[in-house]
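K.L.:
Dropping a structure here in structure tokens format, bear with me for questions.
The values are calculated or read from the model by the stated rules, or taken from the named source; none is laboratory data. This structure is a prediction, so every number in the text was calculated from the model and none was measured. Every residue, glycine as well, gets a Cβ built from its backbone with ideal geometry; the counts of neighbours run over all protein chains shown. The area values use the complete protein model at the heavy-atom level, side chains included, leaving out ligands, DNA and RNA. Shrake-Rupley method; radii C 1.70, N 1.55, O 1.52, S 1.80 Å.
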Amino acid sequence: MEHLCIVSKCLYSSAGLRQQYVRPSETEDAIQEAVWIELSNAPLRLLNTSTGMLCDRAAQLNRFKTSPEYKDLLSSITKRSDLEIERIKEVVATHFRCVLLSHRWEETEVLLHHIQDKMVYELDGLGGTAKLRSFCKVARDAGYFWAWMDTCCIDKSNNVELQESVNSMFVWYRHSALTIVYLSDVPPSSQSGALASSIWNKRGWTFQEFVAPKVVIFYQKDWSLYLNDRSPNHKESPEIMKELEGATGIDAQTLISFRPGMRDAREKLRWASKRITTMQEDIAYSLFGIFGIHLPVIYGEKKQNALGRLLQEIVARSGDITCLDWVGQSSEFNSCLPADIISYAAPPCSLPSLSEDEIQTAVSSLRNIVTMDSASKLYDLLENMNTPLFANCRLRLPCITFRVTEVKRRPGRAAHSTYGVKADGLQELLITTDKTLIQFSRARPTRQTFFLVRPWDRRLLGLPDFSEQLTFADEGESVADWSESQSGSDDTEESSSNSPGEEELSVDLDVHSRSLRLMVHLGQAFSALLVAQQHVGEYKRVASDHNIIAQVKDPASIDIMNIRTLDIL
């Protein structure tokens with residue numbers, strides 16, 4: 001009996017030990033999961049800064065599993081706890097910290113086949129090789145195991161890898177532990193201003209390579225620190241950020257805390273408008289990450305098609321029509337888009353707006369002229385208009401149209417012609433273009449239909465845009481807190497509510513005022529597009545070299561029959 005008790009105690013003790021210790025397989029699984037999470041935001045190939053060897057994923061994993069950090073981690077984890085999981089994540093993240101290089105490509109660059117199965121530190125120190133070796137040494141001396149350089153770490157002959165690399169570039173730079181910017185044209189001991197003058201500031205790809213990462217350090221031609229600034233992050237240097245703000249036209253705070261996506265699309269296009277790329281399609285491809293877009297990479301498709309696909313995706317996904325605000329040449333992709341990104345260099349068309357007092361005065365005037373029914377019908381029709389649809393090079397554009405009744409060329413010998421244009425419901429205006437327009441009038445009509453159109457902008461409705469509001473989590477407020485804070489006010493509102501009849505009258509007056517405010521906004525000057533009929537129901541934009549500024553004669557006379565959706569090729 002005593003023997004059985006001893007056995008029982010031993011078994012109990014053994015079970016207790018199993019409860020206290022994590023099986024090795026569990027530890028390995030937890031480490032492996034942390035590794036894959038870390039590598040999901042890292043380039044496919046990385047340079048080992050210790051050996052100078054290029055490593056694929058398998059080699060990267062093998063390097064980690066043979067490292068002292070891994071062995072120590074595997075042996076030291078003994079209990080299940082959140083703390084240990086956090087330690088796993090910390091060790092893995094530290095090991096796989098990666099330094100990325102941002103630079104201007106030069107004539108002699110090291111490519112993938114130059115370094116495959118070779119040690120970078122044993123290559124000759126000429127041209128691009130010297131840059132690569134110096135980069136790896138700087139990263140190694142700063143305590144990083146891994147480095148990445150776009151010239152030699154992508155297999156550009158592999159279309160699948162090239163596609164993934166171009167579409168992932170922004171994410172890679174965003175998750176880099178450090179991005180080193182190498183300024184090959186900035187000599188040692190340069191003074192402030194040299195960075196602003198560097199060709200690096202004018203290249204297409206370097207835009208995202210600077211705004212994406214959180215930590216950036218600038219190096220001069222001899223790999224000394226720019227302005228001898230030894231701070232750990234040059235994005236926190238007021239002097240350097242002020243210089244970049246002046247060079248890029250982008251305020252310093254945006255450069256520091258840039259957020260990719262569709263918001264402020266027209267402004268982002270302006271920032272990129274004067275940058276240049278060696279491959280013409282790259283002017284569009286280098287912006288995929290800026291807008292958070294994934295699209296096929298098709299070298300050889302030409303600039304207009306690449307830019308057209310990018311802009312089409314922006315309009316299709318966001319409904320943002322500000323991309324149509326440009327002057328210059330029309331694209332072959334779609335006439336509503338520009339042929340070149342330089343057309344976005346000028347700021348968006350900005351017209352004077354009314355003060356709140358002026359709006360109220362105008363509303364009061366319209367209240368005596370426009371019936372509640374007609375104003376509400378106009379508002380409801382525009383509120384229910386679809387957002388723009390853009391696919392297969394065809395734009396379905398909701399707009400308010402004004403039929404052109406007269407086009408007459410003004411005298412002059414300039415390279416571009418100026419035409420006096422009249423349209424139903426609009427004041428007479430001028431259009432300057434290098435296109436030869438058909439001249440006609442009511443007395444001498446043409447069979448081709450022309451419209452001046454106002455693309456419909458839903459912001460004129462004055463409704464809140466919930467997509468731009470912070471979530472409860474962002475505001476640091478929970479749904480429960482919000483509900484509790486509202487409970488008392490709801491009781492108060494109920495006790496002081498009006499009678500049903502008074503409520504209906506109040507709602508009607510509010511709807512009428514809102515509708516009249518919309519009519520006041522529609523009565524202000526706007527940037528118009530001139531479109532010409534091609535086939536039945538299809539139109540093309542006629543590009544202009546200046547903004548076409550139009551204004552309705554009488555906001556009270558806007559005809560709901562002129563609100564339509566045009567197919568623009």
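K.L.:
Would you kindly derive the ³J(HN,Hα) couplings of region 177-192 from the backbone phi angles with the Karplus curve 6.51 cos²θ - 1.76 cosθ + 1.60 (θ = phi - 60°), listing them in order in whole Hz, with x for Gly and Pro?
P.N.:
Each residue's phi maps through the Karplus curve to give 6, 7, 10, 9, 9, 9, 9, 5, 9, 10, x, x, 6, 5, 8, 4 Hz.
K.L.:
Between beta-carbons, use under 15 Å as the cut-off and find the net charge around LEU307, counting Lys and Arg +1, Asp and Glu -1.
P.N.:
Summing Lys/Arg as +1 and Asp/Glu as -1 gives +2.
K.L.:
Accessible area of the chain with a 1.4 Å probe: how many percent of it is carbon plus sulfur?
P.N.:
51
K.L.:
Check LYS553: other-chain or 5+ apart residues with amide H under 5 Å from its amide H, H built from backbone geometry?
P.N.:
Sorted by chain and number, the residues that satisfy this are LEU426, GLN427.
K.L.:
Sketch the reach of a paramagnetic label on LEU569 as a point 7 Å from Cα along Cα-to-Cβ, and name the residues of region 326-342 whose backbone nitrogen lies under 17 Å away.
P.N.:
From region 326-342, the list is 330-337.
K.L.:
Picking from ALA414, PRO455, HIS521, whose Cα lies most toward the positive end of the charge dipole for the chain (charges on Cβ: Lys, Arg +1; Asp, Glu -1)?
P.N.:
Among ALA414, PRO455, HIS521, the one farthest towards the positive end of the dipole of the chain is ALA414.
K.L.:
How big is the C-alpha Rg of region 88-143 next to the rule-of-thumb value 2.2 N^0.38 Å, as a ratio?
P.N.:
1.34
K.L.:
So which of LYS156/LYS202; LYS137/LYS242; LYS137/LYS303; LYS221/LYS242; LYS65/LYS131; LYS202/LYS235 end up more than 27 Å apart by C-alpha?
P.N.:
LYS137/LYS242; LYS137/LYS303; LYS65/LYS131
K.L.:
Along the positive direction of the dipole of the chain (beta-carbon charges: Lys, Arg +1; Asp, Glu -1; about the Cα centre), which of ALA42, HIS512, HIS95 reaches farthest?
P.N.:
Result: ALA42, furthest along the dipole toward the positive end.
K.L.:
Something else now. Full-extension gain between VAL511 and GLN551, please, as 0.36 nm times their residue separation minus the C-alpha to C-alpha distance.
P.N.:
Here the answer is 11.9 nm.
K.L.:
Please list 354-361, 42-49, 378-385 highest first by mean number of surrounding beta-carbon atoms within 10 Å per residue.
P.N.:
Descending packing order for the listed peptides: 42-49, 378-385, 354-361.
K.L.:
Still on this model: Ranked highest first by the average count of other Cβ atoms within 10 Å around their residues, in what order do 441-449, 171-179, 266-274 fall?
P.N.:
171-179, 266-274, 441-449
K.L.:
Let me ask you something else. Roughly how many debye, to the nearest 20, is the charge dipole of the chain about its Cα centre, given +1 on each Lys and Arg Cβ, -1 on each Asp and Glu Cβ, and no other charges?
P.N.:
I would put it at about 2700 debye.
K.L.:
So what is the relative contact order for the chain, in percent, with contacts set as C-alpha pairs under 8 Å and at least six apart?
P.N.:
Once normalised by length, the contact order is 11 percent.
K.L.:
I'd like the orientation of helix 159-174 relative to the chain: the angle between its Cα long axis and the longest Cα principal axis, in ° from 0 to 90, rounded to 10.
P.N.:
On a 0 to 90 degree scale, this one is about 90.
K.L.:
Kindly provide log₁₀ I(q)/I(0) values, in the same order as q = 0.14, 0.22, 0.23 Å⁻¹, from the Debye equation applied to equal alpha-carbon scatterers of region 259-368.
P.N.:
Treating every Cα as an identical point scatterer, log10 I(q)/I(0) equals -0.58, -1.20, -1.31.
K.L.:
I've got another one for you. Search the structure for amide H atoms under 5 Å from the amide H of ALA543, placed 1.01 Å from N in the peptide plane, and list their residues when 5 or more places away or on another chain.
P.N.:
SER330
K.L.:
When the chain is fully extended, how far beyond the present Cα-Cα distance does ASP141 get from ILE438, taking 0.36 nm per residue of separation?
P.N.:
Length difference between fully extended and current span is 100.0 nm.
K.L.:
Give, in nm to one decimal, the length gained when the segment between ARG317 and ILE369 is fully stretched (0.36 nm per residue of separation minus the Cα-Cα distance).
P.N.:
Full-extension gain reported as 14.8 nm.
K.L.:
Convert each backbone phi in region 380-396 into a coupling constant with the Karplus relation 6.51 cos²θ - 1.76 cosθ + 1.60 (shift: θ = phi - 60°), then list the ³J(HN,Hα) values in order as whole Hz, x for Gly and Pro.
P.N.:
Ordered by residue, 3J(HN,Hα) equals 4, 5, 6, 5, 9, 5, 5, 6, x, 10, 9, 7, 6, 6, 10, 9, 9 Hz.
K.L.:
Would you work out the Kirkwood radius for region 229-268? I mean one over the mean of 1/r across all pairs of different Cα atoms, in Å.
P.N.:
With all distinct Cα pairs of region 229-268 included, I get 11.2 Å.
K.L.:
Given H placed 1.01 Å from N in the peptide plane, which residues other than close sequence neighbours of ARG203 have an amide H under 5 Å from its amide H?
P.N.:
Amide H neighbours of ARG203, under 5 Å, 5+ apart: ILE276.
K.L.:
While we're on this one: Nearest 10 degrees, 0 to 90: what angle lies between the long axis of helix 238-248 and the longest principal axis of the chain (Cα atoms)?
P.N.:
The angle comes out near 50 degrees.
K.L.:
Then there's this: From the backbone phi of region 347-361, what are the Karplus-calculated ³J(HN,Hα) couplings (6.51 cos²θ - 1.76 cosθ + 1.60, θ = phi - 60°) in whole Hz, Gly and Pro given as x?
P.N.:
x, x, 4, 10, 10, x, 10, 7, 6, 4, 5, 5, 5, 4, 5
K.L.:
Sequence neighbours fewer than 8 away in the same chain don't count; with that in mind, list the lysines whose C-alpha is under 24 Å from LYS553.
P.N.:
By straight Cα distance, LYS553 reaches LYS377, LYS408, LYS422.
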